[in-house]
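Colleague: There's a structure below that I have some questions on.
The values are calculated or read from the model by the stated rules, or taken from the named source; none is laboratory data. All values derive from a computational prediction rather than experimental measurement. Because the Cβ atoms are built from the backbone with ideal geometry, glycine has one as well, and the counts that use them run over all protein chains shown.
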Amino acid sequence: MNALLRVASLSLALAAIVNARPSAQTDTVDAVLARAGAYVADFHRQLASIVAEERYVQDWWPGRAQGATDIAHRVLLSDLLLVKPVGDAPWMEFRDVFEVDGRPIRERNERLLKMFLEPSPSAAGQISRILNESARFNIGDIQRNVNTPIFPLQFLEAANQPRFKFKQTSDRRPKTLTAAAPADAAFRVSTEVWVIAYDEKQSGTMIKTARMKDLPSHGRFWIEPASGRVLMSELIAENREVRATIDVSFQSEPLLGLLVPVEMRERYARNQTHSLVEGRATYGKFRQFQVNTDETFLLKK
């Protein structure tokens, strides 16, 4: 059976060099996390009207370690939208793929209309459609729907922080950086940033296995202590079968006046078969979107 990394419940649907003001010596991890929680809530609200173009490259070495000669390769071009399903569901990212390996996806507009404008029988049904659509062009034998750049920020939401144990750490290097993929401008951080490690301790984890078993997450956030802004996120989910690592960099977008994801690097490894999937996504062409009275999506370039 293929390994599967998925959002745990249908109801739960890296970094610029900055000159942050040094925080007061009285700052604590709890105080920084409180600011981060408030920042994430506002971040979701501001990003909700923004569309980004994603260029997503995936490579799969089936049943072998990296360096094998046989490899599957895929390049996806997509629009990435932050959406709020009906009901009390959290913000989610929708990957609207419009090109696969240079081949246009002709039903793009029809799919957008169906996804957001046709009535859905339930919030769960709408969320399921979003997750499935966002993951349907992934390659490899590790199924996953957690490979979107904003997903780890849910861990910092005020309602979700109690399920994790947090602590400040001096370990600052992202796990996906290797000799072949060293730290570039997107993955360098300022000395003023606090690196806060997290470890999911509460049952009913936010990511599940193929058999719907708990799969606790751990990782780190690179946070400006004075503002709570998240400059980089790291998500690691692993068990005896699979290890997944996702690093995301956020940088300032002058035209929008906020931090946006600029790059995502990921690695998924199956321990028994030695299958390996690696991905790198970059983001640009940020623009506003809206739905007009004729029920068609308008993209403001």
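Colleague: So which of PHE166, PHE155 is under 22 Å from ARG35 (Cβ atoms), of a type in the set (Phe, Trp, Tyr), modelled with pLDDT of 95 or more and not in a strand (DSSP E or B)?
Modeller: The unique qualifying residue is PHE155.
Colleague: If you take just the strands (runs of 3 or more DSSP E) that sit entirely in segment 51-150, which of them hold at least 1 residues that are among the acidic types (Asp, Glu) and modelled with pLDDT of 75 or more?
Modeller: Here the list reads 72-83, 92-100.
Colleague: Separate question: Identify, please: which residue in segment 135-157 is out of contact with any Asp or Glu (no Cβ under 9 Å at 6 or more places or on another chain) and within 18 Å of LEU231 (Cα to Cα) and is, among those, surrounded by the most Cβ atoms within 10 Å (Cβ to Cβ)?
Modeller: LEU156
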